[in-house]
Amino acid sequence: MTRFRLRRGWLLIHKWIGLAIAVLVIPVSLSGAALVWRDALDRAVHPARYATSGDRLMPIGAYVAAAEARLSQGERIARLTLPERGGPVIVAATPAASTLRSGPPVLTELYLDPPTARVLDMAYSAAGPVRFLHALHGSLQIPAGWGRPLVGWPGVALLLSSLSGLWLWWPTVGPWTQGLRWRRRPDANANLHHLFGFWTAVPLFVLALTGAWISFPKAFGALVGEGWPRGPDRSRQALARPVARAALGVDQAVARALAVAPGRAERIDWPTERTPDWSVEVAGGARRTVSVADDAGVAALAPERPGQGPVAGWMRRIHEGDGMGPVWRTVIFLSGILSAVLAVTGPIMWWRTRRR
């Protein structure tokens, strides 16, 4: 195959991938760029829930009692999250049985002041712009399991698009540095596409790979030995209601978990009608999860959940920018903005070519 035919083949692949996924790339990339600064965005939109009076923590039972005093009849506490770097204690409760619906339940979330257990704010888990952006980025706001593949497959396509775009950017005559100049084409729209495409090619490849990995953890996890063994249906577990009255108190459950895995408790999940065990996530070195039997009080380290191995954890950290420093977060933000620009300039180039 001649170099001309190879380049023409890459051009066709790049063009049709871009046209096929352009409409999906724009909302996903822009929402992803915004979610890089999700903590700051949530603080700006909901300042009341972050108006804490300090970082000193009370016994966890005090937060449970304060939350139960504000919950409606029939609501049951399902989860409690302790702040990692400042911020409020968050208590989530499932709705009453009469209000359960298909799909994951909408939880009532209470934000409590750590030193006083005073309720700072109260909202539904699906409310607010940050939650909207999460659902838009992860599933295009499409329920029933259709949205995640609809986001994941364009991520797979972007892997090939970023590689083919870099091939097409490379100058055919002269040194590669000529590709960095502005006026490669008479059309400003084409120059934007070439220049932005070059600077985003590598970050876009990384974000597409990590995003596809998050969307299809079962398939990608098998490639690195992080299998997906048979186990309880997580979707059914999410729908399970917490037990009406647990045998152990929350402070007892946490104490027994920390005896097995010393550290700092970050998240406590209540026993449910399907799984009668407490689940306590402990930070301190490696993050561990401890299961505490509600009846016998026996605590043991829980096995890793499917798709939650070390490689999957790194893929999520890289994609979301958590703990990766301000430089990488800025790269993610700019890549999200510029990829949306590429999704606009590419179809414009195609349309103008057709008109000519």
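Taking the alpha-carbon set of the range 117-173, what are its Rg and Dmax in Å?
When restricted to Cα atoms, the range 117-173 yields Rg and Dmax of 19.3, 68 Å.
Would you please give the FRET efficiency between R118 and A296, computed as 1/(1 + (r/R0)^6) with r the Cβ-Cβ distance and R0 = 56 Å, to the nearest 0.05?
0.95
Going out from 0 in 20 Å bins, what whole percent of all Cα-Cα distances in the chain drops into each bin?
Spelled out bin by bin, the chain gives 25, 50, 21, 4 percent.
Between A293, A65, A51, where does the largest GNM mean-square fluctuation fall for the chain, given springs only between Cα atoms within less than 10 Å?
Per the Cα network of the chain with a 10 Å cutoff, A65 tops the list.
Rank P186, P83, P149 by mean-square fluctuation in a GNM of the chain with C-alpha springs under 10 angstrom and give only the top-ranked residue.
The residue with the greatest mean-square fluctuation here is P186.
Multiply the residue separation of W167 and A247 by 0.36 nm, subtract the distance between their alpha-carbon atoms, and state the gained length in nm to one decimal.
Result: 22.5 nm gained on full extension.
Apply the a/c threshold of 1.5 to the C-alpha gyration tensor of the range 235-294 and tell me whether it is rounded, prolate or oblate.
It is oblate, given that a/c is not under 1.5 and a/b is not larger than b/c.
Would you work out which of P276, V224, A299 lies farthest towards the positive end of the dipole of the chain, given +1 charges on the beta-carbon of Lys and Arg and -1 on that of Asp and Glu, about the Cα centre?
With unit charges placed on the Cβ atoms, the residue in question is V224.
Quick one: how many Å² of H193 are accessible to a 1.4 Å probe, rounded to 10?
Probe radius 1.4 Å; accessible area of H193 about 40 Å².
Quick one: putting +1 on the C-beta of Lys and Arg, -1 on the C-beta of Asp and Glu, what dipole do you get for the chain around its Cα centre, in Debye to the nearest 20?
Dipole about the Cα centre, nearest 20: 2100 debye.
Could you give the length gained by full extension between T177 and R131, i.e. 0.36 nm per residue of separation minus their alpha carbon distance, to one decimal place?
12.3 nm
Considering only protein heavy atoms and a 1.4 Å probe, what is the carbon-and-sulfur percentage of the accessible area of the range 22-128?
58
What residue among V292, V224, V243 has the largest mean-square fluctuation in a Gaussian network model of the chain, using Cα springs under 10 Å?
For the chain, modelled as a Gaussian network with Cα springs under 10 Å, the answer is V224.
The values are calculated or read from the model by the stated rules, or taken from the named source; none is laboratory data. Only a predicted model underlies this, so the values are computations on that prediction, with no experimental measurement involved. Reconstructed Cβ throughout: ideal geometry from the backbone, glycine too, with neighbour counts over all protein chains shown. When the accessible area is computed, the model is the full protein with side chains, heavy atoms only, and any ligands, DNA or RNA have been set aside. Shrake-Rupley method; radii C 1.70, N 1.55, O 1.52, S 1.80 Å.
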